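Comments concern the structure below.
The values are calculated or read from the model by the stated rules, or taken from the named source; none is laboratory data. Everything numeric here is computed off the predicted structure, so don't read it as measured data. All Cβ positions, even for glycine, are placed from backbone atoms using ideal geometry, and neighbour counts span all protein chains on display.
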Amino acid sequence: MFGDLMGMMGKLQEAQKKVEETKQRLNNVLIDEQSADGLLKVTVTANRQIRTIDINDELLNDKEQLEDYLILTLNKALEKAGAINEAELAAAAKDGMPNIPGMDLFK
């Protein structure tokens, strides 16, 4: 019984390590997004960190328009980053989880 428990603990530690490695890797996965007219471009990581914002000079004359562009474009980029992040972390966790009867967490 203790051997099985120790084996499961080892598997859980392995799963945790895979998740941490995946989080680190996702810092290098970049998502580019731009406004429909291309006047604003942003780049975020799959860990939802903003890397770059490129604003066309046209937008600098209208504060309200610039704010709208930033909100819309950043939200689109962060939504894509979140989907990638969740999928990658779930896959990493699932691969390392021990097979515990009755605990089908990742169907």
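A few comments on the model shown:
- Some residue of segment 9-22 being assigned to a strand (DSSP E or B) and surrounded by fewer than 15 Cβ atoms within 10 Å (Cβ to Cβ): no
- Selection count where residues are more than 13 Å from the chain's Cα centre (by Cα), crowded, with 16+ Cβ neighbours inside 10 Å and of a type outside the set (A, V, I, L, M, F, W, C), scope segment 44-75: 2
- Of the residues L40, L12, the single one that is in contact with a helix residue (DSSP H, G or I) (Cβ under 9 Å, 6 or more places away or on another chain), more than 11 Å from A77 (Cα to Cα) and at pLDDT 95 or above is L40.
- Listed by first and then second residue, the pairs linking a residue in segment 1-29 that is within 10 Å of L89 (Cα to Cα) to a residue that is at pLDDT 85 or above and of a type in the set (V, I, T), with Cβ atoms under 7 Å apart and 6 or more places separating them unless they lie on different chains, are L26/T45.
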